[in-house]
Amino acid sequence: MTVSLFGTVQVPAAGKAKEGQEEQRQQDDSESKASYLSQFDAGSYVELADYSSIPVEANEGDTSGIENDIGDYLLKNSTFVKELPTPFVNRNTSTLKDQLQNYADTYKMSLADFMKYYDSSLTEDTYEEYIQKLGADYSKKLVAMQAIADAEDLAVTDEELKEQIKTQAEAAGFSDVDEYKSAAKMDPEELREVMMSTKVFEFLEGKVTFNKK
């Protein structure tokens, strides 16, 4: 330990480095347990592709197709520099699997049969692994979009989230927001991610270039 001429205690460089390493370790440990984008720094997980001009195969006016192409472009052309938090990927995969199960139920099919209908190359032994990959890819797309949201000041604020929940509650006939959240089994942080995705897609749709066919 050294003392400056002004009487303030200075931590030697080695001590600062050790403190910095400990802080980083604690941050990494905390992020490894993250289930939501709001719990970790998305930008530290991805080196974003250039999104100033995004080529898409979808036709003009095909919003769903354009959004799919944007997501695929970010996934294929961005570099993910470290593994995403496992709880985050697991949550997205579970949600996706539930959605696929709902589709299967609609057609009165088992999930395995529905997935084989979805992709004829899948089998009883491979469809689960395929769903896991879908969940992992979707998680990467979300991280890339959150990184863009942070860079472009498009992140969803607490006030915006609160207002959206209030609007949805009123539309559903609830005067009490907490009652609505309970009845709808709402996950506010999941809604925040949906709102963020909408913002980012709207932003990126102004940067797409359509392939002439």
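Between I54 and V208, T209, the built amide H atoms are under 5 Å apart, and every one of these is 5 or more places off in sequence or on another chain.
Can you give the accessible area per residue of segment 105-163, in Å², using a 1.4 Å probe? Spell out each step's value before the answer.
Numbers: 3670 Å² over 59 residues.
For segment 105-163, the solvent-accessible area averages 62 Å² per residue.
In this simple spin-label approximation, Q132 and A49 carry label points 7 Å from Cα along the Cα→Cβ vector, and these lie 2.5 nm apart.
Distance between the modelled labels on F80 and Y117, one decimal in nanometres: 2.9 nm (7 Å Cα→Cβ projection). Accessible surface of segment 56-121, 1.4 Å probe: 45 percent of it comes from carbon and sulfur atoms.
Potential lengthening of the chain between D72 and E152 amounts to 26.8 nm, from the contour at 0.36 nm per residue minus the alpha-carbon distance.
Between K162 and D125, the contour length at 0.36 nm per residue exceeds the Cα-Cα span by 9.0 nm.
Remark: spin-label model distance F203-D187 equals 2.3 nm, labels positioned 7 Å along the Cα→Cβ axis.
On alpha carbon coordinates alone, what is the Rg over Rh value for segment 79-136, Rh being the Kirkwood radius?
On the way: Rg = 12.7 Å, Rh = 12.1 Å.
That ratio is 1.05, to two decimals.
The values are calculated or read from the model by the stated rules, or taken from the named source; none is laboratory data. Everything quoted here is computed from the prediction, not taken from an experiment. Cβ atoms come from the backbone with ideal geometry, glycine included; neighbour counts cover every protein chain shown. Quick note on the areas: whole protein, heavy atoms, side chains included, nothing else; ligands and nucleic acids left out. Shrake-Rupley method; radii C 1.70, N 1.55, O 1.52, S 1.80 Å.
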